[in-house]
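S.K.: Encoded as structure tokens, here's the structure I'll be asking about.
The values are calculated or read from the model by the stated rules, or taken from the named source; none is laboratory data. In this text the structure is predicted, and so the values were computed from the model without any measurement. All Cβ positions, even for glycine, are placed from backbone atoms using ideal geometry, and neighbour counts span all protein chains on display. SASA here: full protein model, heavy atoms, side chains in, ligands and nucleic acids out. Shrake-Rupley method; radii C 1.70, N 1.55, O 1.52, S 1.80 Å.
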Amino acid sequence: MSLLLHSYRLLTRLLQPLAPRVLAHRARKGKEDPARLDERLGQAGVARPDGPLVWMHAISVGESLSLLPVITLLAERRPDLSVLVTTGTTTSARMMAQRLPKGVIHQYAPVDVPAAVARFLDHWRPSLGLFVESELWPNLILEARARDIPLMLASARITGHSAAGWKKRPAAARALLEAFACILPQDEASASRIADLGGRTGGRVNLKLVGAPLPFDRKEFDRLSGAIGDRPVVVLASTHDGEEAALVQRLQALDPLPFLIVVPRHPERAGTIEADMAALGLTVAVRSRGETPGADSQVYLADTLNEMGLFLRLAEVVVLGGAFGPLIGRAPVGGHNPLEPARLARPTLTGPDMSNWSIAGAMAEAGGLEIITDLSRLAPRVGELLADRDQARQLGRQAEQAAAGADGGLEVLWQAMVPLLPPAGGRR
């Protein structure tokens, strides 16, 4: 073990008595679930089922949702296996509570201190651990390997900035990456960086490219559609701090103003967004308060989780957030999944910062996604698409075709997973 990792493990062992106080402080700030803090300390909230168990770990919402196709595939091909999903944020936990199939267990991931990790692994005794993207917690990874639990890192992603940081700690990077029996990068750039750091990589897998159209509630769609009436609808999807006000202010140049549905990436920001809309002189209906848009409502603040499929189906044009930071002086986010509106054939505009989505370039080249590099072009382009339904439908069809051609490598993942799974009927 590298000196850095040895020091990290020693330091976290010394600091672990403080973990309950730190978690309680975070809970008071709304960053932890106060009712489930024991899970963060490795104390299971439910009993372990009998038989072999596959543990899947992702940190946040996007990564967590990318596991759903894997869970479905596992249920189809190995129904004898139980599945545990761990995540690290309250938002992802709420999302998983709504989206996980019946029988799949969700727990919060333990904080990365030795005692919490040991309690977690003592209870769950996983037969296989599948980590998604870039979750490299040293105690969790090294303790799992010490117990001979095979580990996979799928849809692995490492940025140039992260790689540069790890290169300053080459022995630690190598030790962590060598703990994985299989690493499946999501793109060539990540594969090259991982190999440079000493990791052994296999085929390419990007789980965020896998999936079906998002689900929705048909009755709620009919109800909202009736409330909106014949007003054209523009959905601002997965927006971040500063984007709502900047985008809506530009869209106010349209006459008449289309009906705007704002779906923030983090619903807890609803109060700030509502105030921003009021400052722009707009009338807002807030979904979390049970408000239905009225004839005078100009903005519907959709501050709930797991309903993006509903709002995208109401849209005539989608403006995809998380990508406009460079245009409004905010920190880069990297964009959000352009395949979600594409699978519903919705014409979609987004900003220039789609660095987390390599497929965005291919979609733009195929005419299935438009990149706005100047905010002064946003309102005119939205207006064109609302006025020319044939053009909007064509853009939507091209988006749908691009989404249909996306291959996330789910079968590649399955073939890599099979040798690491316990044999059918086993008790591992």
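S.K.: Kindly indicate whether A118 is modelled with pLDDT of 95 or more and on the phi < 0 side of the Ramachandran plot.
M.R.: On the way: modelled with pLDDT of 95 or more: yes; on the phi < 0 side of the Ramachandran plot: yes.
So A118 fits the description; yes.
S.K.: Condition first: assigned to a helix (DSSP H, G or I) and touching a residue at least 24 places away in the same chain (Cβ under 8 Å). Now tell me which residues in the range 192-209 satisfy that.
M.R.: Initial filter on the range 192-209 (assigned to a helix (DSSP H, G or I)): 192-196, 207-209.
Correct list: R193, I194, D196, L207, K208, L209.
S.K.: Going through the range 126-145 one residue at a time, which ones are open to solvent by less than 10 Å² (accessible area, probe 1.4 Å) and modelled with pLDDT under 95?
M.R.: Selection gives V132 alone.
S.K.: Tell me which of these K102 doesn't satisfy, since it passes every other one: (1) of a type in the set (K, R); (2) surrounded by fewer than 22 Cβ atoms within 10 Å (Cβ to Cβ); (3) at pLDDT 95 or above.
M.R.: All conditions are met except number (3).
S.K.: Restricting to the range 77-99, name every residue that is open to solvent by 40 Å² or more (accessible area, probe 1.4 Å) and in a strand (DSSP E or B).
M.R.: none
S.K.: Considering only residues that are open to solvent by less than 60 Å² (accessible area, probe 1.4 Å) and assigned to a helix (DSSP H, G or I), which ones fall in the range 37-67? Break it down stepwise before answering.
M.R.: Step one: filter the range 37-67 for residues open to solvent by less than 60 Å² (accessible area, probe 1.4 Å), giving 37, 39-42, 44-45, 48-49, 51-67.
Within the range 37-67, L37, E39, R40, V61, G62, E63, S64, L65 qualify.
S.K.: Can you tell which of V83, V70, V117 is within 13 Å of E39 (Cα to Cα) and in contact with a Phe, Trp or Tyr (Cβ under 9 Å, 6 or more places away or on another chain)? Lay out the reasoning, then the answer.
M.R.: Numbers: V83 fails: within 13 Å of E39 (Cα to Cα); V70 fails: within 13 Å of E39 (Cα to Cα).
None of the others qualify; the one that does is V117.
S.K.: Go through the range 231-268 residue by residue and tally those that are open to solvent by 40 Å² or more (accessible area, probe 1.4 Å), within 15 Å of D303 (Cα to Cα) and outside any loop (DSSP other than H, G, I, E, B).
M.R.: Residues meeting the conditions: 1.
S.K.: Which pairs turn up if I take residues in the range 329-343 that are among the hydroxyl-bearing types (S, T, Y) and look for partners that are exposed (fewer than 15 other Cβ atoms within 10 Å of the Cβ) and modelled with pLDDT under 95 with beta carbon separation below 7 Å, at least 6 apart in sequence or on another chain?
M.R.: none
S.K.: List pairs: first residue in the range 277-296 and closer than 21 Å to D230 by Cβ, second residue open to solvent by 40 Å² or more (accessible area, probe 1.4 Å) and assigned to a helix (DSSP H, G or I) anywhere in the structure, Cβ distance under 7 angstrom, at least six positions apart or on different chains.
M.R.: Final answer for the pair search is V284/E274; V284/A278.
S.K.: Something else now. When the residues of the range 180-208 are narrowed to those that are surrounded by fewer than 22 Cβ atoms within 10 Å (Cβ to Cβ) and aliphatic (A, V, I, L, M), which ends up nearest to N356 (Cα to Cα)?
M.R.: Only one residue tops the list, namely A189.
S.K.: The conditions are (1) of a type in the set (A, V, I, L, M, F, W, C); (2) assigned to a loop (DSSP other than H, G, I, E, B); (3) open to solvent by less than 30 Å² (accessible area, probe 1.4 Å), and A212 fails exactly one of them. Which is it?
M.R.: (3) is the only condition that A212 fails.
S.K.: Being in a loop (DSSP other than H, G, I, E, B), more than 18 Å from K31 (Cβ to Cβ) and β-branched (V, I, T) is the filter here, so list the residues in the range 100-117 that pass it. Even if it seems obvious, please write down each step before you answer.
M.R.: Initially, the range 100-117 is screened for residues in a loop (DSSP other than H, G, I, E, B), giving 100-104, 109-113.
When the remaining residues are screened for being more than 18 Å from K31 (Cβ to Cβ), the result is 100-104.
The answer is V104, and nothing else.
S.K.: Tell me which residues, restricted to the range 394-424, are modelled with pLDDT under 90 and touching a strand residue (DSSP E or B) at 6+ places or on another chain (Cβ under 9 Å).
M.R.: Once the filter is applied, which keeps residues that are modelled with pLDDT under 90 and touching a strand residue (DSSP E or B) at 6+ places or on another chain (Cβ under 9 Å), the range 394-424 yields only G408.
S.K.: List pairs: first residue in the range 354-366 and within 20 Å of T239 (Cβ to Cβ), second residue assigned to a helix (DSSP H, G or I) and open to solvent by less than 20 Å² (accessible area, probe 1.4 Å) anywhere in the structure, Cβ distance under 7 angstrom, at least six positions apart or on different chains.
M.R.: Here the result reads M354/A360; M363/A342; M363/A399, each pair linking the range 354-366 to a residue that is assigned to a helix (DSSP H, G or I) and open to solvent by less than 20 Å² (accessible area, probe 1.4 Å).
Conditions tested, residue by residue: (1) of a type outside the set (F, W, Y); (2) closer than 24 Å to A47 by Cβ; (3) within 25 Å of the chain's Cα centre (by Cα).
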{"residue": "V117", "(1), (2), (3)": "yes, yes, yes"}
{"residue": "H123", "(1), (2), (3)": "yes, yes, no"}
{"residue": "P150", "(1), (2), (3)": "yes, yes, yes"}
{"residue": "S155", "(1), (2), (3)": "yes, no, yes"}
{"residue": "A173", "(1), (2), (3)": "yes, no, yes"}
{"residue": "L176", "(1), (2), (3)": "yes, no, yes"}
{"residue": "A179", "(1), (2), (3)": "yes, no, yes"}
{"residue": "I183", "(1), (2), (3)": "yes, no, yes"}
{"residue": "R193", "(1), (2), (3)": "yes, no, yes"}
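S.K.: If you don't mind, there's one more thing I want to ask. Might you let me know whether the range 220-227 holds any residue that is outside any helix (DSSP H, G or I) and acidic (D, E)?
M.R.: Here is the first cut: in the range 220-227, the ones outside any helix (DSSP H, G or I) are none.
For the range 220-227, residues outside any helix (DSSP H, G or I) and acidic (D, E): absent.
S.K.: Which members of the range 329-352 meet the condition of being more than 16 Å from D241 (Cα to Cα) and among the polar types (S, T, N, Q)?
M.R.: Hits for the range 329-352 are N337, T348.
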